[in-house]
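Remarks on the structure that follows.
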């Protein structure tokens, strides 16, 4: 559902890749023009061990100059327009 909303430059004429490899990591979605990774997190990411791994992963990606935006799957399903607007707001900064 999310991919359908951003593929083919549908979101602000931005090109996104799906399941993109950066270093030792694979991010859910990536916009190379802005070095922006989008991660969609399910409930498992509330687990302390997984959360700690996510934090370390994000720090490593950011050390490579990649900005990481995280959204809960539930937000994407229920409030997709707000999620998309949040991504565009980040790009405009």
Per the list (1) assigned to a helix (DSSP H, G or I); (2) at pLDDT 95 or above, residue check on residue 59 breaks on (2)
Looking at the range 48-56, is at least one residue touching a strand residue (DSSP E or B) at 6+ places or on another chain (Cβ under 7 Å), surrounded by fewer than 12 Cβ atoms within 10 Å (Cβ to Cβ) and free of Cβ contacts under 8 Å to residues at least 40 places away in the same chain?
no
Looking at residue 91, is it under 18 Å from residue 8 (Cα atoms) and modelled with pLDDT under 95?
yes
Looking at (1) touching a residue at least 40 places away in the same chain (Cβ under 8 Å); (2) surrounded by fewer than 16 Cβ atoms within 10 Å (Cβ to Cβ); (3) touching a strand residue (DSSP E or B) at 6+ places or on another chain (Cβ under 9 Å), which is the one condition that is false for residue 27?
(2)
Mind checking which residues of the range 1-15 are in contact with a strand residue (DSSP E or B) (Cβ under 7 Å, 6 or more places away or on another chain) and more than 19 Å from residue 72 (Cα to Cα)?
14, 15
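The values are calculated or read from the model by the stated rules, or taken from the named source; none is laboratory data. Computed from a predicted structure; not experimentally measured. Note that we place each Cβ from the backbone using ideal geometry, even for glycine, and neighbour counts take in every protein chain shown.
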